[in-house]
Amino acid sequence: MAARPIDPAALPSSGWRLAPDPASEAQGLIVSGFGDWPTGRALFLEFGWQPGTSPPPWLAELLRLAPVTNASGGQDRSVALAFSYTGLARMGLTDEALASFSRPFREGMFQEDRLRRLGDRRISATDPVDQSPWLETVIADGPIWSGNTRVADPTAPLPTGNSLRIAAAEKPEKLILTPLTVHALVLLYEKTEAAADGWAATVEAALGEHKVTVVHRLPLFLAVEEADKAKNISREHFGFADGLSQPIPFDDQGAVILKDGSIVVPDGVHGVPLGEFVIGYNNGHHEKAPGPIVPLGAETKTAGLVPHDRAEGFADFGRNGSYMVVRQLRQDVAAFWDSMQASADKVRAGDPTATHVTADWLAERVIGRSVDGHLLCQKGTLGIGPDGMPANDFLFRGSDPHGAGCPLGSHVRRANPRDSLAPDPTMGPTLLAAANNHRILRRGRKYGSKFVEAAADGDEDRGLLFMCLNTDIERQFEFVQHTWLLNANFHTLYDETDPLLGPKGPMTIREMPLRRIVDVATFIKMVGGEYFFLPSLPAIDYLARL
């Protein structure tokens with residue numbers, strides 16, 4: 001199958017890559033955010049053929065127009081492709097194959113218990129078949145897209161209608177269904193807006209001939225300012241440097257290498273086994289990350305799938321693939337800065353000596369870093385690291401154990417506490433290792449236009465298409481969301497959640513010898529989301545032959 005590999009120049013600053021064999025099979029998105037391509041398009045696809053019937057040759061047509069990028073190096077544009085559970089069921093995978101996927105993927109992000117775990121929906125006291133009230137961290141009328149997974153029968157037709165609803169299931173579980181059903185996600189990365197628009201239009205028109213509809217689309221971009229190019233950073237919509245802290249995979253069998261071909265040595269702070277992000281390799285528990293299987297047959301052999309080493313009669317469908325969490329998060333930039341200004345004014349009104357407390361000062365403590373990405377510490381900020389980026393090889397126990405600089409409840413400290421949760425210094429290495437067992441590999445992009453000012457901005461839709469890779473959704477993404485970000489009692493705090501992603505509430509900021517408690521509002525709302533499977537290129541080839 002034709003494939004476009006990634007550009008080595010787009011590799012992260014750590015310089016890691018996959019060895020030639022896995023690189024030829026894995027999607028390039030695993031090792032790169034495609035940073036050389038400043039723009040792109042996310043196309044959310046719905047399959048229009050009837051469940052139980054053979055799919056039309058849409059995938060072959062997509063691969064002709066937009067070959068999926070592998071991880072080998074060198075391309076003129078890039079493509080990634082992922083499927084929801086309902087999408088794979090509609091593609092014709094057998095019941096045995098579908099049952100071999102992980103439970104979170106099979107249930108979908110909108111299963112009742114998973115929604116509560118992710119903080120997306122409050123428990124309703126109303127009639128369970130009516131629409132339930134949504135938390136303020138979700139858009140007002142409820143999410144607009146998902147895979148609309150049915151636990152009882154994922155291939156059954158969905159009820160008609162365009163409004164969000166809760167439908168009675170064949171089992172006691174209740175299903176929350178969104179107006180739009182997404183069976184697959186295509187990500188196109190290009191160098192110019194015109195090229196991205198033209199490419200996306202060509203793909204959309206061609207897929208329409210095969211009963212595949214683009215039901216939702218988002219423009220993706222980096223938009224690095226000229227002044228930030230010298231700093232080697234990009235910013236999210238609130239104005240903060242983004243994407244600075246990523247795990248560095250390693251593999252004891254040599255599947256991860258440096259640019260010179262040498263094997264990656266585990267990094268002392270960010271080193272995480274490859275099996276945490278790619279199926280088929282050893283994970284943090286010294287086990288091969290499990291993945292799905294399909295029955296052996298002529299199609300598996302032709303596609304290049306190998307027999308599974310533990311499931312006799314089945315091919316390894318998951319190897320060199322990953323699970324991808326996707327959440328569309330709308331950012332209200334004006335509300336964020338209005339809240340920071342109001343809180344700063346309130347602090348200064350109550351304490352005339354707090355002249356240093358400004359909107360910028362508070363915003364940096366909500367994030368935990370300066371606007372240019374430098375970690376806050378007791379004496380200011382950490383400096384530049386050896387790679388020319390903001391220093392990132394730090395441990396909280398050494399740089400700021402009590403949160404006097406970077407608040408204990410700040411976003412960066414919750415999202416990756418490193419050794420911060422250690423009760424004493426001797427436990428630091430143990431807690432760091434434990435924290436690294438929950439790391440995720442982020443691959444998100446901004447969508448929407450750049451924020452100018454509230455008066456001229458109106459209700460512009462902008463935000464982040466959050467995307468992350470992990471092999472254990474429950475232990476990685478869901479753990480980070482539930483146990484760290486939304487934990488009201490995180491790190492000795494009480495009744496506080498993540499000040500950036502959580503609902504409105506208090507945030508404690510320690511200042512010697514005092515502490516300040518400020519109120520933060522809700523700035524980010526979930527528009528839609530789903531758990532996807534990011535297949536290897538042989539697995540995609542197999543799907544194209546069904």
Check your understanding: Taking θ as phi - 60°, what are the ³J(HN,Hα) couplings along the range 314-321 by the Karplus curve (6.51, -1.76, 1.60), each to the nearest whole Hz, with x for Gly and Pro?
Key -> 10, 9, 7, 7, x, 3, 6, x
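Sum up the charges of everything whose Cβ sits under 15 Å from the Cβ of ALA227, counting Lys and Arg as +1 and Asp and Glu as -1, but leave ALA227 out.
Local charge sum for ALA227: 0.
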Check your understanding: Taking amide H positions as placed 1.01 Å from N in the peptide plane, with prolines and chain starts having none, which residues 5 or more places from GLY321, or on another chain, fall under 5 Å of its amide H?
Key -> ILE279, SER536
Practice item. Would you work out if the range 316-436 is rounded, prolate or oblate? Take a ≥ b ≥ c from the square roots of the eigenvalues of the alpha-carbon gyration tensor; rounded if a/c is under 1.5, else prolate when a/b is larger than b/c, oblate otherwise. Key: oblate
Practice item. Post the alpha-carbon centroid distance, the range 321-372 to the range 10-86, in whole angstrom. Key: 35 Å
Practice item. Of the listed pairs LYS259/LYS446; LYS229/LYS446; LYS191/LYS446; LYS229/LYS450; LYS446/LYS525; LYS450/LYS504, which have alpha-carbon separations greater than 21 Å here? Key: LYS259/LYS446; LYS450/LYS504
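For Cα pairs less than 8 Å apart in space and 6+ apart in sequence, what is the mean separation divided by the residue count of the range 347-396, i.e. the relative contact order in percent? Present the calculation step by step, with values, prior to reporting the outcome.
On the way: 38 pairs, mean separation 9.3, N = 50.
Normalised by residue count, the contact order of the range 347-396 is 19 percent.
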Review point. For the chain, what is the accessible area per residue in Å² when the probe is 1.4 Å?
Key: 41 Å²
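Rounded, prolate or oblate: which fits the range 412-540 when a ≥ b ≥ c are the square roots of the eigenvalues of the alpha-carbon gyration tensor, with rounded for a/c under 1.5 and prolate only if a/b beats b/c?
oblate
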Point to revise | Phi to ³J(HN,Hα) by Karplus 6.51 cos²θ - 1.76 cosθ + 1.60 over the range 267-278, Hz, x for Gly, Pro | key: 6, x, 10, 10, x, 9, x, 4, x, 6, 10, 10
Point to revise | Options PRO67, PRO307, MET109, ranked by Cα towards positive dipole end of the chain, top entry (Cβ charges) | key: MET109
Review point. Can you give the % of DSSP beta bridges in the range 201-327 that are antiparallel, to the nearest 5?
Key: 75 percent
Check your understanding: Whole-Hz Karplus ³J(HN,Hα) for the range 439-450, in order, using 6.51 cos²θ - 1.76 cosθ + 1.60 and θ = phi - 60°, x for Gly and Pro?
Key -> 6, 10, 9, 7, 9, x, 9, 6, 9, x, 8, 5
Revision key, fill the gap. Once both label points are put 7 Å beyond Cα along the C-beta direction, the VAL306-GLN341 separation in nm becomes 6.0 nm
Exercise for review: Take the solvent-accessible surface of the protein heavy atoms, probe 1.4 Å, and return the percent of it on the chain that carbon and sulfur atoms account for.
Suggested key: 53 percent
Check your understanding: Longest segment of the chain with no trypsin sites (Lys or Arg not before Pro) in a DSSP loop having at most 10 other Cβ atoms within 10 Å?
Key -> 1-309
Review point. For a label point 7 angstrom out from the Cα of LEU65 toward its Cβ, which stretches of the range 201-238 have the backbone nitrogen within less than 11 Å?
Key: 201-214
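The values are calculated or read from the model by the stated rules, or taken from the named source; none is laboratory data. Quantities reported herein were computed from a predicted structural model and do not represent experimental measurements. All Cβ positions, even for glycine, are placed from backbone atoms using ideal geometry, and neighbour counts span all protein chains on display. Accessible surface is based on the protein model in full, side chains and every heavy atom, while ligands, DNA and RNA are left aside. Shrake-Rupley method; radii C 1.70, N 1.55, O 1.52, S 1.80 Å.
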